[in-house]
Structure formats: C-alpha cells, structure tokens
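Input: a single structure, listed below in structure tokens.
The values are calculated or read from the model by the stated rules, or taken from the named source; none is laboratory data. None of the values given here were measured: they were computed from a predicted structure. Neighbour counts are summed over all protein chains in view; Cβ atoms, including those assigned to glycine, are modelled from backbone coordinates with ideal geometry.
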Ligand code: PMP
Ligand code: GLU
C-alpha cells in the first residue's frame, strides 16, 4: 500500500528504538544494563492508582469535554498559579494525550509551511519531526559544550530571520540534563521582545531539578513572555505516570482554542478516569515527587562523577531531568574490541554488543560528540553499567 511522503519523511524515535532493543536483549536472557529509558523506574504512587480505580467504579467511563474536565483544568490552573506564578484560566488549558501530543498538537495549531522554528542542540528527538510534520522548518542552532549546551543571546540573535515563528525551549533538558538559570531565560526573553516569535516551553522535567537549581517557567518572566508562550507540561516524569498519557498545554486563548478544535477531531479527550487520577497527583500533599527527586539527585551525582573519572569521557553535572550527556568523542577513530568507533552511533552499538550496556547515541539529538545515559534506573544497575563502560573503554 502507498505510504504518504509525510510518513516516509519521519524516522522512528531513536530513544524508543534503543530502549526496545535493550528490552528485547533482556528477554533473550542477555544481562543488559539499560541506560536508555527516558522514564522513571518508579511505579505510579498508590494514591494516584486508587483515584483512577475509584473514578472508574463511580462510572467515569464516558467521554469528557474535549480539552479535559473542568475539574482537572482547574487543578492544573491552581498548580500553575501556586507553583509557577502563572495566571491561566481553565479555558487557557488543554489536556493532551501525553506531553508528546501537546508538542505535536501545539505545532499543528500555530505553525505554517515556511515558518522557521529555532531549535537549539541538543534537542529531544521528537522536536524536529513534529516541526516537519507541521510543514515548518527547524533552524538548528549548535550550542557549545563550554556554555553547558545552552543557547546564548548571540547564537539566538544570529538565528532569527523574518520567517522565525517559534523558539523551542526545553528546560530542564532532555537529553542535556541542564537547566537554564532565571538570568539566562530573562536574557532570551529580552531578545524576543518586539518580535512576533512564539516560545514553546517544554517544562515536563520542572520538578526534577538538582544541586539547588531553581526552576522558573518562561511565561512567568514578564507579561511579554506570558503573551508569547505556550507552556507544556505533563504528569509522566514527576509522578511516574508515563503510561497514563497525560500532558497539557497552557497559553493565550486563541492557540489553546485552536488546539481544542484539532483535538475534537483527533483524540476527543484524554482518558476519563486518568483525568481524575491526575487531579489526585497534582493536589498531592504526601511528598511523593520529592522522594523520587532526592533519589534521582543521588544517582545523577554518582553517575556524573564516575563518568568524569573515565579517561576520554567528560560530563556536566546534571542540574535537571534524569540524564547524563557525556562527550565521548575522544574515543572516536579508535578500534575497540575489533569494532571501529567513528561516531556516537558506532560507539553505542559496540558498547551494547560487546559490554551489554545500552546508551542512546547523541546524533539523533543533534549532538554527535555525546551519548545519553538515563539515571532512571537503580543504583545497583548504575554501578554495574558504569563498571562495564569503564572496563570496555580501558
Ligand atoms: N518532552 C520531553 C523533553 C520528554 O523527554 C518527553 C518524554 N517522552 C516528553 C516531552 C513527552 O512525555 P509524555 O508524552 O510521556 O508526557
Ligand atoms: N522522552 C523519553 C526519552 O527521551 C521517552 C521516549 C521518547 O518519547 O522519546 O527517552
């Protein structure tokens, strides 16, 4: 059967591909240590599951309003107000089927062919594809290791043209593990003042920040920033709810309404009883997120320290998300265990085949010198995997 040019132009997600390969090898009985998964290794807290079961039993099994129930959108508005200092009415919020869907749907709602989207490296693998699917063009801005891979004011200014429609920001970053400081964000906001450039601010890792890092929402910087920003967030990462598929977008009324119109034809509404579970998660007073955050912080510190002690590997201390993103390019153009290492792809492939350690190559993130290691796995696995990596490289 014919496949559309649109679908043919989109490669499968590299992060999902490596995660799946590692799972397959495990199922075949191979003792793989996987640093591939971009999801918490914790289970969803019980009180969240209980809320879903209760909702289901109470008959919450039909359709809801397209953008999500008013109760959930009120809970999200309260969360955005109290935690992020953002004033959104429930009408300015649309709940999507995961933040991945929020990214896709928001771009479908606001981008046109010919529009340019400034996309700093390293970027999450899904962004260039969703930009392409909206008919727009990604203008990739290579950031520098010495700037912790964050886009500078000079780099941003140089990338702006009269076609620039959007800047994509993802802080804390997947895969970079860095977080923009309030001052860095303010400097970016200043560059955008007086332009028509929107900001898509993907804040899904906001609760997972480390070493005293302070998270700030881009839209909270100023009235100007608020008016140009679509704030994306979700339940997956902070609440260990990846399988529940709950993300949301908040922003000015017009784009949010446009997203609702698209959603009314695409997916109708997020899963009904999952929405009640989301209210329980967002209004949690048990500190479940903090317990997980503390554990991630411990693992991230350990992983970065170990990586930096390996010859030819250098890694910034992660300040957010759950990824280390070391530069391993000192090992390129070498032969390891009979395999020629020429780039991040051959590095990751040989490491998996020879030492049974799964990492995601940096190229699909636009960062060919690096590989991504997720520390959303147990300390025991982290120690074992890093021992193997160290031995393999020596
Ligand atoms: N944004 C970023 C930066 C991510 O890493 C992810 C994880 N897949 C998402 C969005 C989407 O998460 P979800 O669809 O599970 O809400
Ligand atoms: N966001 C996670 C990751 O980067 C999950 C997989 C995906 O959606 O890309 O690994």
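Against the condition outside any helix (DSSP H, G or I) and either within 16 Å of ligand 1 (Cβ to nearest atom) or closer than 24 Å to residue 194 by Cβ (or both), how does residue 158 come out, does it pass? Against the criterion (outside any helix (DSSP H, G or I) and either within 16 Å of ligand 1 (Cβ to nearest atom) or closer than 24 Å to residue 194 by Cβ (or both)), residue 158 does not qualify. Within the range 79-100, residues that are free of Cβ contacts under 8 Å to residues at least 60 places away in the same chain reach partners that are part of a helix (DSSP H, G or I) and within 14 Å of ligand 1 (Cβ to nearest atom) with beta carbons closer than 8 Å, at six or more positions or on different chains, in the pairs 90/76. Restrict the check to the range 330-345 and report whether at least one residue is on the phi > 0 side of the Ramachandran plot, within 16 Å of ligand 1 (Cβ to nearest atom) and out of contact with any helix residue (DSSP H, G or I) (no Cβ under 6 Å at 6 or more places or on another chain). The answer is no; no qualifying residue exists. Applying the set (1) more than 27 Å from residue 58 (Cα to Cα); (2) in contact (Cβ under 8 Å) with a residue 60 or more places away in the chain to residue 267 leaves exactly one unmet item: (1).
Would you kindly identify the helices (runs of 4 or more DSSP H) lying entirely within the range 4-103 that contain at least 2 residues that are modelled with pLDDT of 95 or more? Lay out the reasoning, then the answer.
Details: elements: 5-8, 14-27, 46-57, 70-84.
Once the helices (runs of 4 or more DSSP H) in the range 4-103 are filtered for at least 2 residues that are modelled with pLDDT of 95 or more, what remains is 5-8, 46-57, 70-84.
Step by step: first the residues of the range 24-59, then only those that are closer than 18 Å to residue 272 by Cα and within 16 Å of ligand 1 (Cβ to nearest atom), then the one that is surrounded by the fewest Cβ atoms within 10 Å (Cβ to Cβ). Which residue is that? Selected residue: 44. For the range 112-155, give me the residue count where each residue is in contact with a strand residue (DSSP E or B) (Cβ under 9 Å, 6 or more places away or on another chain), farther than 16 Å from residue 195 by Cα and not in a helix (DSSP H, G or I). Matching residues across the range 112-155 total 22.
Please verify whether the range 318-326 includes one or more residues that are in contact with a helix residue (DSSP H, G or I) (Cβ under 9 Å, 6 or more places away or on another chain) and surrounded by fewer than 20 Cβ atoms within 10 Å (Cβ to Cβ). Within the range 318-326, none of the residues are in contact with a helix residue (DSSP H, G or I) (Cβ under 9 Å, 6 or more places away or on another chain) and surrounded by fewer than 20 Cβ atoms within 10 Å (Cβ to Cβ).
Let's see how each residue does on (1) closer than 20 Å to residue 263 by Cα; (2) away from ligand 2 (no atom under 16 Å from the Cβ):
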position	(1), (2)
23	no, no
52	no, yes
58	no, yes
65	yes, yes
70	yes, yes
